[in-house]
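Each value in this text was obtained by applying a stated rule to the coordinates, not by laboratory testing. Owing to the predicted nature of the structure, the values given are computational and were not obtained by experimental measurement. All Cβ positions, even for glycine, are placed from backbone atoms using ideal geometry, and neighbour counts span all protein chains on display.
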Amino acid sequence: MNHLSEEELILHYYGEEGDSPEAALHLNECAECRELYGSLQRVLNVVNTLPVPEMAPDYGTQVWRRIERHVPARRRWWFTGPAWRWAAAGTAFAGLLVAAFTAGRFYQRSPAPTAIAKADPAAHEKILLVAVGDYLERSQMVLIELANADPKASLDISAEQERAGDLVSESRLYRQTAAHTGDTAVSNVLDDVDRVLMDIARGPSQLSPAELENVRRRLEAEGILLKIRVLSSNMRNHEGPEAQPAAGQKL
Amino acid sequence: MELTDAAIVSRARAGDTDAFRELVERHSRSLFRLAFRMTGNQQDAEDVVQESFLRAYRQLASFDDRASFGTWMYRIASNCSLDLVRARKRRNDRTVPADDDRAEDPMAQLPSTDPTPERIALSGEVRQRVADAMEELSPTERTAFVLRHFEGMRMEEVGRVLECQPGAAKHSVFRAVQKLRRALDPLVSVAR
């Protein structure tokens, strides 16, 4: 009779020997292996007696207080501020885009525009990249929240709807600008995102688990989140190396 | 409605520090348990928890949305603990060992003669022996063992945390259990 190896006994203890009942059957029949297995169980059970201090329920808050000053607040106000800030920011972006677009057109028609004509398209593109990048990030947040919501219960999405509605109004100018500049890649993704956001904004504010599942399936089928990620990543690459995340960094 | 980790992570990635605070409050206690079992020391474990969250914040951009935030944090905390344990081991290797009462005392080397397993299990001596046996494990063996034995991770998950193949993770667990058996078998045999 082939006895069980120590490795097999360890895997059996942790329930990792797969679906094969061989170890259990063998242990029933073989007193020698049973004795070894008993000794293994006793050792591992005694290891469990090693105590771990129980931290207070507010330990997480204590940890946060200690590290808070090392966690820089980045654009925090954007997410906690009132709605008028969004409106103001949207108007400011829109103004900037229109100005840049008009300036670009004007200088292209000028008789001696050499230096300016070369500089303007770049500035124009940069403004579009920054504005659209920010818009995509916020759209992604709304969609991820819906995609990750608990599907077991009905969900009130009125807050998400409001944000989706704001994003739809904001995107119109970006889409027009992208279309004017012939940036079809940006324009197509913006159209796709816009359609989903518009349906969310105009749909019911209470979603049943089935409706939520439909939203999730649609996002998956149309690959919206992936498209956003790819476009955002391309934009970061265009914005410059400082904007890129640290890739391949060992944890 | 309580938001999922993934939803909170997406907010934190966008710069919402309140969202990151929520993640810290959710995961600190479980990370502390892991870190304590890895380091065997409360102060070290608390340092590991703090350092892990700071590393996580710096690396949020590289977090894959499809992954579990909890598993990702375990990986960071395990690596922080490994760094600390390795540094401590290097320090100890360089210093002359301090007088160890237990090493000097031949009686302390003998297994307890207490005939009641429950009492033995609860005794400070057994705990000390277990802690000592854990200290004898290499950092990788200790990590693999803690993740498999205490945290209940499957070998594949242990491999992911250790960034190695499941087979290599399995062998680290085997070596850890074998060492623990050698160190603790005499103790539990007497206790029977």
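Using Cβ contacts closer than 10 Å as the measure, can you line up B:Lys179, B:Lys170 from fewest to most? It would help to have the intermediate numbers written out before the result.
Details: B:Lys179 18, B:Lys170 22.
The fewest-first ordering by Cβ neighbours comes to B:Lys179, B:Lys170.
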Net charge, A:Trp64 excluded, C-beta distance under 12 Å - Lys, Arg +1, Asp, Glu -1: 0
For residues of B:171-178, the mean tally of beta carbons on other chains within 10 Å: 3
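Averaged across B:56-62, how many Cβ atoms of other chains sit within 10 Å of each residue's Cβ atom? Can you show the working numbers first?
Numbers: counts 1, 4, 4, 5, 1, 7, 6.
What the average comes to for B:56-62 is 4.
Report Rg/Rh for region A:6-47, rounded to two decimals, where Rg is the Cα radius of gyration and Rh the Kirkwood radius. Provide the component values of the computation, followed by the final result.
On the way: Rg = 10.0 Å, Rh = 10.5 Å.
Over the Cα atoms of region A:6-47, Rg/Rh equals 0.96.
Counting Lys +1, Arg +1, Asp -1, Glu -1, what net charge surrounds B:His149 among other residues with beta carbon under 11 Å of its beta carbon?
Numbers: positive: B:Arg37, B:Arg142, B:Arg148; negative: B:Glu151.
Here the count lands on +2.
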The answer for trypsin sites (Lys or Arg not before Pro) in region A:148-205 that fall in a DSSP coil and have at most 14 neighbouring Cβ atoms within 10 Å is A:Lys152
Gain in span if fully extended, A:Glu29 to A:Arg195, counting 0.36 nm per residue against the direct Cα distance: 53.1 nm
Cα coordinate range in region B:1-95, projected on the principal axes (Å, largest first): 52, 23, 21
Could you compute the net charge surrounding A:Lys227? Neighbours are other residues with a C-beta less than 11 Å from the C-beta of A:Lys227; K and R count +1, D and E count -1. -2
